[in-house]
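A.B. asks: The structure under discussion is supplied below as C-alpha cells; questions concerning it will follow.
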Amino acid sequence: MSQQASKKQKADAGESSGRIAHKKVKDAEAVLLKVKALAVKLKQTQEVERTLTSLNLPYNCREVVDKNSEAVLDEIEAAMFEIAASILKGEGFSFDVPSRAKGNQVYVPELDRIVLRDSVSKRPFASTQTCRKAAITARILGLVHQLCTKRIHVTKRDLFYTDVKLFEDQGQSDAILDDLACMLGCTRSSLHVVASEKGVVVGRLSFREDGDLIDCQRMGVGGKAIPPNVDKVDSIQSDALFILLVEKDAAFMRLAEDRFYSTYPCIIVTAKGQPDVATRLFLKKLKTTLRIPVLALVDSDPYGLKILSVYMKGSMNMSYDSSNLTTPDIKWLGVRPSDLDRFNIPQQCRLPMTEEDIKTGKKLLEEDFVKANPLWVSELELMLKTREKAEIQALSSFGFQYLSQVYLPLKLQEGDWI
C-alpha cells in the first residue's frame, strides 16, 4: 500500500470516528457492495507467486515440500544408511539437524512471510548434552518409517504414547518431529503424523473429504471439524463472497447460530484460539482455490494481532514450512483499537492492559512485518497509548446479536478493513 493511500485511509477512519456506530445497516445487497468490489479486484489481480530461489537472497534458506510415502521412506533409509556406515567406521553417529533457533528466523518483505535460514547443527549420540535428543530422533525416525510403510496416519498424541518413558513430555516429541520434517525436507503431514482436530468451519461451502460429500451449511451451530489431513479435501465448491476468519469459538457459535452466512454469503472459519497446522493449511487451500478475500475478526489486544500474524506471515516454530502454511493479504476487519471509541464500547467492557500485554505490544511494534504495514502500526500505537484492550464479546454489551446484526454488517458496509 502506498503512503498516500495509507494516509487517505487513516483520514477516512478519522472522519468516521465516533460516528460509525450511529449509522444504519442497509439491505444485504448494499452492505456487500465494497466486499464484492474487493473480491472482483482480487480475481482480476494476476497472482505471481515469488519463491526464495527467484529472490537471490544473500543467504540460503531451507524450505520443505509435500512428499509421498515412497519419497519419505527413501529419505529416512538414506539417513539410516549413513548412520550405519558411520558406526561401522567406529565414528559413532550424529544427526545433521537444521537449526530452528530464533536467530535463524528471517522476515522476507518480498514474500511477506517468515522463512528459515539454512544453518545445520550436529546432534551426536556420544555427547552427554545431546545423547537423549539423538535417541529420541532415532526412535521417531523408526516410528515414521513404520507409518509410511503401512500408509496410516496417527496423531501427535498417539506418537507420544508409543514411548512415554523416553519422550517424557509431548512437547519434546513434537519439537523433534518438526526437526525431522525440516531435516528430511518434507512437510509435517508428509510424515503421516497429524494434530488432533481443533478448527471448525461453517457456511457457504461444500467439499469432499476422502470421497464423502460435506455440506457446511448443514453442520449446525458447532460447524464441521476441519480434517487433520487436509490432503484428503478436494472438489471445493462455494458461492461465498468472502471468508470470515474468527479468533474465538464463542464468536463463531454466535455467527453460526444466527446463520450470518445466509444473509451475507461467506465461509466462517475458526481455530478456537492459537491457529493449528490443519486450520492454516485449510484456510490457504480455500483462498487459493476460491480466490476470495479473507477478513479477520480477532480480539483487540496484542495476542489477537499475534494470532492474525501467524495466519499471514507464519510462526517461528514452523518457519521452514511457511510457503505452505501462510495466507497472505488477510484484511484486519476488527475488533481494532480504534473501534472502541468509534462503536462507543462502554468503559466497563474495556480491560486495562497488563504489563505483559504492553511488553508484547511493544515487541510487535519492533517486528519487521508490522513495520511494513503503517495502518497496523497506528492501531498498535493507539492500543499502547490508551492501555486498553477488549474482547470480541465486549460487543455483547449492546445485545447478544449485535455482532452479527450491527457490528459486522456496518464494518462490511463501510469497507472498514486494513
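The values are calculated or read from the model by the stated rules, or taken from the named source; none is laboratory data. Just so it is clear, the structure is predicted and the values come from calculations on it, not from any experiment. As a convention, Cβ positions derive from the backbone with ideal geometry for all residues, glycine included, and neighbour counts pool all protein chains shown. SASA here: full protein model, heavy atoms, side chains in, ligands and nucleic acids out. Shrake-Rupley method; radii C 1.70, N 1.55, O 1.52, S 1.80 Å.
A.B. asks: Tell me, please, whether a residue that is within 24 Å of Lys306 (Cβ to Cβ), open to solvent by less than 40 Å² (accessible area, probe 1.4 Å) and not charged (D, E, K, R) can be found in region 203-222.
C.D. replies: Within region 203-222 (the criterion being within 24 Å of Lys306 (Cβ to Cβ), open to solvent by less than 40 Å² (accessible area, probe 1.4 Å) and not charged (D, E, K, R)), the answer is no, since none of the residues qualifies.
A.B. asks: Taking only region 150-200 into account, find how many residues are among the hydroxyl-bearing types (Ser, Thr, Tyr), more than 12 Å from Asn229 (Cβ to Cβ) and open to solvent by less than 20 Å² (accessible area, probe 1.4 Å).
C.D. replies: Qualifying residue count, region 150-200: 1.
A.B. asks: If you don't mind, another one. If a residue counts only when it is under 23 Å from Lys67 (Cβ atoms) and within 28 Å of the chain's Cα centre (by Cα), which strands (runs of 3 or more DSSP E) contained entirely in region 85-191 have at least 3 such residues?
C.D. replies: Ranges flagged: 113-117.
A.B. asks: Can I ask one more? Quick check: anything in region 51-73 surrounded by 11 or more Cβ atoms within 10 Å (Cβ to Cβ), without any contact (Cβ under 8 Å) to a residue 40 or more places away in the chain and touching a Leu at 6+ places or on another chain (Cβ under 9 Å)?
C.D. replies: No, the conditions are met nowhere in region 51-73.
A.B. asks: Search region 167-183 for residues that are more than 10 Å from Arg100 (Cβ to Cβ) and pair each with any residue that is open to solvent by 10 Å² or more (accessible area, probe 1.4 Å) and in a helix (DSSP H, G or I) when their beta-carbon atoms are under 6 Å apart and the residues are at least 6 apart or on different chains.
C.D. replies: Going by the 6 Å Cβ cut-off, the qualifying pairs are Phe167/Phe160; Gln170/Phe160; Ser173/Phe160; Asp174/Lys156; Ala181/Arg188.
A.B. asks: Please go through region 83-131 and pick out each residue that is open to solvent by 80 Å² or more (accessible area, probe 1.4 Å), more than 30 Å from Leu364 (Cβ to Cβ), out of contact with any strand residue (DSSP E or B) (no Cβ under 6 Å at 6 or more places or on another chain) and not aromatic (Phe, Trp, Tyr).
C.D. replies: Of everything in region 83-131, those that are open to solvent by 80 Å² or more (accessible area, probe 1.4 Å), more than 30 Å from Leu364 (Cβ to Cβ), out of contact with any strand residue (DSSP E or B) (no Cβ under 6 Å at 6 or more places or on another chain) and not aromatic (Phe, Trp, Tyr) turn out to be Ile87, Leu88, Lys89, Glu91, Ala126, Thr128, Gln129.
A.B. asks: Could you check, for region 341-359, whether at least one of its residues is open to solvent by 60 Å² or more (accessible area, probe 1.4 Å), under 22 Å from the mean Cα position of the chain (by Cα) and in contact (Cβ under 8 Å) with a residue 12 or more places away in the chain?
C.D. replies: No, region 341-359 contains no residue that is open to solvent by 60 Å² or more (accessible area, probe 1.4 Å), under 22 Å from the mean Cα position of the chain (by Cα) and in contact (Cβ under 8 Å) with a residue 12 or more places away in the chain.
A.B. asks: If I ask for residues that are modelled with pLDDT under 90 and in contact with a Ser or Thr (Cβ under 6 Å, 6 or more places away or on another chain), which ones from region 67-98 would you list?
C.D. replies: Selection gives Phe93 alone.
A.B. asks: Charged (D, E, K, R) and touching a strand residue (DSSP E or B) at 6+ places or on another chain (Cβ under 7 Å) - does that describe any residue in region 263-276?
C.D. replies: no
A.B. asks: Only one of Leu375, Leu308, Leu382 is open to solvent by 40 Å² or more (accessible area, probe 1.4 Å) and either assigned to a helix (DSSP H, G or I) or within 30 Å of Pro98 (Cα to Cα) (or both); which?
C.D. replies: Leu382
A.B. asks: Do any strands (runs of 3 or more DSSP E) lying entirely in region 230-303 carry at least 1 residues that are open to solvent by 20 Å² or more (accessible area, probe 1.4 Å) and under 23 Å from Glu47 (Cα atoms), and which ones are they?
C.D. replies: 233-237
A.B. asks: Are any residues in region 390-418 outside any helix (DSSP H, G or I), open to solvent by less than 40 Å² (accessible area, probe 1.4 Å) and farther than 12 Å from Gly334 by Cα, and if so, which ones?
C.D. replies: First, the residues of region 390-418 that are outside any helix (DSSP H, G or I): 390-391, 399-401, 415-418.
Retained after the next criterion (residues that are open to solvent by less than 40 Å² (accessible area, probe 1.4 Å)): 390, 399, 415-418.
Listed by number, the list holds a single entry, Gly399.
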